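Peer 1: Here it is: the structure, laid out below.
The values are calculated or read from the model by the stated rules, or taken from the named source; none is laboratory data. Being a predicted model, the structure only gives us computed values, none of them experimental. Cβ sites come from the backbone with ideal geometry, for glycine too, and all protein chains shown count toward neighbours. Areas reflect the complete protein model, heavy atoms only, side chains present, ligands, DNA and RNA absent. Shrake-Rupley method; radii C 1.70, N 1.55, O 1.52, S 1.80 Å.
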Amino acid sequence: METPGTIRIEDDDYDAAHAAVHGSPLMRRLFADAMGDGYPAEVDPFSSCSWWLLGRLVTALRMPPGGRLVDLGCGRGGPGLWLARALAAQLDGVDFSRAAVEVAAARAPSFVPAGRARFHRRTFAGTGLPDACADGAVSVDALPFAPDREAALREAHRILTPGARLAFTARVTPGASDPPGDWPAMGHTTGFDLEETHTDEGVDPFWARLHASWLAHADALHAELGERAAANLLTEARVFATRRADLPPAQLLVLRRR
Ligand SMILES: C[S@@+](CC[C@H](N)C(=O)[O-])C[C@H]1O[C@@H](n2cnc3c(N)ncnc32)[C@H](O)[C@@H]1O
């Protein structure tokens, strides 16, 4: 999850993870313990999505009433569904994991009336959505996984109406083309202006606590999630224990479509 540009994760790895994590009481407990009172339990995020982030997203999107919101890399749907309910928006969630979009669709009635949310098994670079259909887009701990980040931004530009915002979490290395990369510069190239950036000071301590807890519960994770999903999470935890200190800070970026 916390791995853009560092570990190659395939879509069937995500399928395995989403299928295993959905309904895992242990994973929910470890996420909740690591995030503390910033944890939005109903959202059940597979990410660093906290009350802080949800509040910032509500403010940053400037959604019109009844507008359409797109959640890019929606996972099991929690952040987008919570935002769609809070903003009285229509929702399109996009994710390349079949397991994720199936779970997200099943969760939708707990958040929004029938017909207000749709989920699509598509990619960042090919959402399948119509031109200029969206009044806002979010992506929580997902867009940096795009294999071609400029193609992902061009696709976001295509589906947003002029003036609409794309709000997403990422790390930024000014002037660098290698991941994490210079997201404001890539945004400018692909037709966006940078409107806001906010550093989320809670993210790195959260991942450090979560990864430590996965390693401490390795046997229980294997038993509850199965070998493949548990092994991927434990690899992520080990890799990030050594690399976290070198990463730039986690940020919320808000780009406005020109
Ligand atoms: C860390 S999870 C975050 C999920 C969700 N946003 C949340 O906060 O719970 C990253 C998501 O990005 C999706 N993803 C990764 N690469 C993708 C791509 N190229 N196209 C579409 N989805 C992708 C994964 O399947 C996964 O659900």
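Peer 1: Dividing the convex hull volume of the Cα atoms of the chain by its residue count, what figure in Å³ per residue is obtained?
Peer 2: 107
Peer 1: Using the heavy atoms of the protein chains and a 1.4 angstrom probe, tell me the accessible area per residue for the chain in square angstrom.
Peer 2: Each residue of the chain exposes 41 Å² on average to a 1.4 Å probe.
Peer 1: Quick one: if you stick a label point 7 Å off each Cα along the C-beta vector at Ala220 and His188, how many nm between them?
Peer 2: With each label placed 7 Å out from Cα toward Cβ, I get 4.9 nm.
Peer 1: Now, a different point. Round to a whole number: what % of the accessible area of the range 84-163 belongs to carbon and sulfur, probe 1.4 Å?
Peer 2: 52
Peer 1: Based on the alpha-carbon gyration tensor of the range 117-258 and its eigenvalue square roots a ≥ b ≥ c, which shape applies: rounded if a/c is under 1.5, prolate if not and a/b is larger than b/c, or oblate?
Peer 2: Cα axes put the range 117-258 in the prolate bin.
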